[in-house]
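The values are calculated or read from the model by the stated rules, or taken from the named source; none is laboratory data. In this text the structure is predicted, and so the values were computed from the model without any measurement. Positions of Cβ are backbone-derived with ideal geometry, glycine not excepted, and every protein chain shown enters the neighbour counts. Just the protein is used for accessible areas: all its heavy atoms, side chains included, with ligands, DNA and RNA removed. Shrake-Rupley method; radii C 1.70, N 1.55, O 1.52, S 1.80 Å.
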Amino acid sequence: MKKFLSIALMAIIALSASAAKKNTPAKDANKPVFTVIKEIPVTSMKDQNRSGTCWDYSTLSYFEAEILKATGKSYDLCESFVANKTYMDRAIQVVRYHGDCQFSQGGSAEDVLATLKTWGICPEDAMPFPGSLYGDSLNNFNEFFSLMEPYVEAVAKNKAKKISGQWKVGLQGILDAYLGQCPEKFTFEGKEYTPKSFMASLGIDLNDYVSITSYSHHPFYTTFAVEVQDNWRFPQSYNLPMDEMMQIIDNAIEQGYTIAWGGDVSEEGFTRKGLAYAIDAKAAQSLGGSDMARWLKLTAEKKRNVIDSLGCTVPEIVPTQELRQERFDNWELTDDHGMHIYGIAKDQNGKEYYMVKNSWGETGDYKGTWYMTKAFIAANTMDYLVNKNAIPAEIRKKLGI
């Protein structure tokens, strides 16, 4: 009887194992397997949630990494402080232009740099936690901006021959109600600071940071303000050929520096799973078992399914200077997201990717990191902020810095 029970038990185990094997999803041979080549230490992931503040989160993350590199100390700097100061500055400009420019949630790395230079900064816990003032667990700017946008427009489009400065008092009240008041003084690690004295204590020189771009409608090795709406402060970017723009990124990472990147993530190759490829649509549709006519009729979701199934074997375009310029001029290449490049990895086929910190919390397959191919970055970079000491000497000489 015991022998029979043992045989029966073994049979049940065998059948269960067989069933489990059948129910186990087949391993996706096209899913990339990454090996890190170089990774720079960065601070923890954050979540901008329902706010258009990627520029704020990504650039403060970048400066936190710069401070970490320079001093070995990890800080959590306050995005709400930067947003409060930036939105007032932007509103003042809109009023000065009588409404003939844009007031919106978006911005650029320059907004963070300008705030740090002008106003300083405070640690995260010196202001209310994002969303807490209006009963949310994270930022939600829907109600906030539904109040601010018409307010600013009403002032900017006012028919009066003269306006008072009281509108700033009212707008500051809205900013403080939703973001919290920016502190004049605070205590950090037992010492009292102002935002400016705290900034001065962080161990970095704000004059070390420059913006890099690559477009042929301006001369190379000169500077210009990239013509996008959220570049409202008109900061100057150094204009380089695409290959040198990319060379700086690689050299920076090799030397232990990171990059505050701004560019286009609206492309089909930027997935919500944490990957980004510069898709060659003509080649991808044929590999997906479709002709071009059928491919163009597919919904965005079905196109993503094809791209996801191809994984790291998806065909990519070869970025060129001419293609970058064409896409910028015809509005395909847009300025819609800020992220933080902090490393390089390669997949099982040897293709190299940048490791890029996002500001959507620990989402995607890689807990908030996106692996973006070098082709994607070359094709979709609008501009980026970098420490000038990370630029190769021969390029710095050409730029005169």
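Points worth noting:
- Lys/Arg +1, Asp/Glu -1 at C-beta; the chain dipole; positive extreme among S197, N389, G180: G180
- Accessible area (Å², per residue) of the range 79-200, counting only protein heavy atoms and a probe of 1.4 Å: 50 Å²
- Carbon and sulfur %, accessible surface of the range 57-209 computed with the full protein complex present, 1.4 Å: 49 percent
- Neighbourhood charge, 12 Å Cβ-Cβ cut-off, centred on Y178 and excluding it, Lys, Arg +1 and Asp, Glu -1: -3
- Across every pair of non-identical alpha carbons in the range 118-227, the mean reciprocal distance, once inverted, gives a Kirkwood radius of 18.0 Å.
- Once the C-beta distance of E301 and F129 is scaled by a Förster radius of 51 Å, the resulting FRET efficiency is 0.90 to the nearest 0.05.
- Extension gain from D243 to Y366, taking 0.36 nm per residue of separation minus the Cα-Cα distance: 41.4 nm
- Toward the positive end of the charge dipole of the chain, with +1 on the Cβ of Lys and Arg and -1 on the Cβ of Asp and Glu, the farthest Cα among T299, F376, L133 is that of T299.
- Amide N of the range 327-367 lying under 19 Å from the label point, which is placed 7 angstrom from the Cα of T313 along Cα→Cβ: 347-352
- In this rough spin-label picture, where each label sits 7 Å from Cα along the Cβ direction, the Q166-E227 distance is 4.2 nm.
- Over all other residues within a Cβ to Cβ distance under 13 Å of L399, the charged ones net out to +2, with Lys and Arg as +1 and Asp and Glu as -1.
- Dimensionless Rg ratio for the chain, taking C-alpha atoms and the 2.2 N^0.38 Å reference: 1.15
- Backbone HN-Hα couplings from phi across the range 34-46 [Karplus 6.51/-1.76/1.60, Hz, Gly and Pro as x]: 9, 10, 6, 8, 8, 9, 9, x, 9, 7, 5, 5, 10
- Length available on full extension from Q181 to Q93: 0.36 nm per residue minus the Cα-Cα distance, which gives 29.6 nm.
- Amide hydrogen proximity for M382: with H placed 1.01 Å from N in the peptide plane, the residues at 5 or more positions away or on another chain lying under 5 Å are G262, G263, D264.
- Accessible area expressed per residue, the range 351-398, with surrounding protein chains retained (probe 1.4 Å, Å²): 32 Å²
- Computed FRET value (nearest 0.05) for R50 with R396, which takes r as the C-beta separation and R₀ as 41 Å: 0.50
- Neighbourhood net charge (12 Å Cβ-Cβ; Lys/Arg +1, Asp/Glu -1) for P32: -1
- Charge dipole (debye, nearest 20) of the chain; +1 at Cβ of Lys and Arg, -1 at Cβ of Asp and Glu: 940 debye
- A simple spin-label model places the labels of K38 and E332 3.1 nm from each other, with each point 7 Å out along Cα-to-Cβ.
- Using a probe of 1.4 angstrom and keeping all protein chains present, the accessible surface of the range 219-276 works out to 39 square angstrom per residue.
- Zone of F188's modelled label, taken as backbone nitrogen in the range 47-74 under 18 Å from a point 7 Å along Cα→Cβ: 56-74
- Surface composition of the range 291-401: carbon plus sulfur atoms hold 52% of the accessible area, using a 1.4 angstrom probe and ignoring ligands, DNA and RNA.
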